[in-house]
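Data first, discussion second: the structure below is written as structure tokens.
The values are calculated or read from the model by the stated rules, or taken from the named source; none is laboratory data. Source: prediction; values computed, not measured. Cβ placement follows ideal geometry from the backbone for every residue including glycine, while neighbour counts extend to all protein chains displayed. Surface accessibility is based on the protein's heavy atoms, side chains included, excluding ligands, DNA and RNA. Shrake-Rupley method; radii C 1.70, N 1.55, O 1.52, S 1.80 Å.
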Amino acid sequence: MIVITAPTGQIGGQVLANVLGGDQPVRVIVRDPAKLSADVRDRAEVVQGSHGDPEVLARGFDGADAVFWLLPTDPRAASPEDAYVGFTRPAAEAMRDRGVKRVVDVSSVGRGTPYAGRAGHVTASLAMDDLIAGTGVAFRALAAAPFMDNVLRQVRVIKGQGMLFDAVSPGRRMPTVATRDIAAVAARLLLDTSWTGSEEVPLLGPEDLSYDDMTAVISEVLGTSVKYQQVPAQSFKDQLIGFGMSDAMAQSAMDMAIAMDDGLANGVTRTPRHAIDTPTTFRQWCEDVLKPAVQAA
């Protein structure tokens, strides 16, 4: 039995589609089953509720061999520790109590770098990994680079203003990965019953790019000029608070951006394996995902 959390989200939905292509039974934990397609409801067992609820987890993890753990980060949380570790603690207890054998989660690159302890969301996600590993389950933390798909948050700005904004320096090159590649790796691990132990799996995509590099590719793919502009860190935080984020979570996001700018995502030595595991180039992602999204905006 494979259990998928957050099955209607960007990554969880892709993981679910991939594991439904296998021959193992699948269970999903979902707040609103109506958001699942009729095909998924026919093919997967559905447990309704939040995967932060101990009672829901008791039902969801009962008899589970493998769990895909994906955190629905709360932008209004009192702290990143509450959002990551606090939310995950009931699940860690349920994993132990219900005898879950294997767990795959989505976390972040950055462990072992000088910036890991002051990287906001990333610091909290690494603590979440430690909590899950401490249960004794076989565990794979998918240590993902920043997502290409985050660019989709600015589709209207790209289309209307020809701009892309973030708090990272325009020339800072770092790995970037497509969520579809993350989902593919997660599904392979969930369907594989042979692995044991606890490890991080770095997911870096096939290339390191700066925001200047990315906007050059976006411009070529869209056939129109798109420029990048760095936002000062405090202004970045203020904007997030304006969007409804709590002060603590906005500070955490700002700290993460500063750490990324300092080299948080550059701590893993790239090997040919990374391009095999996560093959989607940023140009291909722009052709397949960004361009249709901009045209539809």
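Filter the stretch 42-86 for residues that are within 24 Å of Leu240 (Cα to Cα) and among the hydroxyl-bearing types (Ser, Thr, Tyr); which is most open to solvent (accessible area, probe 1.4 Å)? In this case the residue turns out to be Thr73.
Would a scan of the stretch 28-37 turn up a residue that is touching a Lys or Arg at 6+ places or on another chain (Cβ under 8 Å) and in a helix (DSSP H, G or I)? Within the stretch 28-37 (the criterion being touching a Lys or Arg at 6+ places or on another chain (Cβ under 8 Å) and in a helix (DSSP H, G or I)), the answer is yes, since at least one residue qualifies.
Condition test on Asp149, is it charged (D, E, K, R), open to solvent by 10 Å² or more (accessible area, probe 1.4 Å), touching a residue at least 60 places away in the same chain (Cβ under 8 Å) and at negative phi? Considered against the rule, which asks whether it is charged (D, E, K, R), open to solvent by 10 Å² or more (accessible area, probe 1.4 Å), touching a residue at least 60 places away in the same chain (Cβ under 8 Å) and at negative phi, Asp149 comes out as yes.
From the list Ala183, Ala178, exactly one residue is out of contact with any Phe, Trp or Tyr (no Cβ under 9 Å at 6 or more places or on another chain) and open to solvent by less than 30 Å² (accessible area, probe 1.4 Å). Which is it? Give the steps one after another, and end with the answer.
Details: Ala178 fails: out of contact with any Phe, Trp or Tyr (no Cβ under 9 Å at 6 or more places or on another chain).
Sole residue among the options that is out of contact with any Phe, Trp or Tyr (no Cβ under 9 Å at 6 or more places or on another chain) and open to solvent by less than 30 Å² (accessible area, probe 1.4 Å): Ala183.
Among the residues making up the stretch 108-128, a single one is outside any loop (DSSP other than H, G, I, E, B), farther than 20 Å from Ala78 by Cα and touching a strand residue (DSSP E or B) at 6+ places or on another chain (Cβ under 9 Å): Ser108. Restricting attention to the stretch 236-251, the residues that are touching a residue at least 60 places away in the same chain (Cβ under 8 Å), under 10 Å from Ser79 (Cα atoms) and either surrounded by fewer than 17 Cβ atoms within 10 Å (Cβ to Cβ) or of a type in the set (A, V, I, L, M) (or both) add up to 2. All of (1) over 19 Å from the mean Cα position of the chain (by Cα); (2) open to solvent by 70 Å² or more (accessible area, probe 1.4 Å) hold for Gln10 with one exception: (1). Under the condition of being touching a residue at least 12 places away in the same chain (Cβ under 8 Å) and within 30 Å of Gln251 (Cβ to Cβ), the residues counted in the stretch 58-94 number 24.
Scanning the stretch 287-297 for residues that are open to solvent by 60 Å² or more (accessible area, probe 1.4 Å) and of a type in the set (A, V, I, L, M, F, W, C) gives a single hit, Ala296.
Among the residues making up the stretch 48-93, those that are part of a strand (DSSP E or B) and of a type in the set (A, V, I, L, M, F, W, C) are Ala66, Val67, Phe68, Trp69.
Could you tell me how many of the residues in the stretch 256-286 are assigned to a helix (DSSP H, G or I) and surrounded by 14 or more Cβ atoms within 10 Å (Cβ to Cβ)? Counting residues in the stretch 256-286 that are assigned to a helix (DSSP H, G or I) and surrounded by 14 or more Cβ atoms within 10 Å (Cβ to Cβ) gives 18.
So for the stretch 194-205 (the condition being touching a strand residue (DSSP E or B) at 6+ places or on another chain (Cβ under 8 Å), free of Cβ contacts under 8 Å to residues at least 60 places away in the same chain and not aromatic (Phe, Trp, Tyr)), does at least one residue qualify? Within the stretch 194-205, one or more residues are touching a strand residue (DSSP E or B) at 6+ places or on another chain (Cβ under 8 Å), free of Cβ contacts under 8 Å to residues at least 60 places away in the same chain and not aromatic (Phe, Trp, Tyr).
Note on the stretch 13-26: residues that are within 25 Å of Glu55 (Cα to Cα) and open to solvent by 20 Å² or more (accessible area, probe 1.4 Å) amount to 3.
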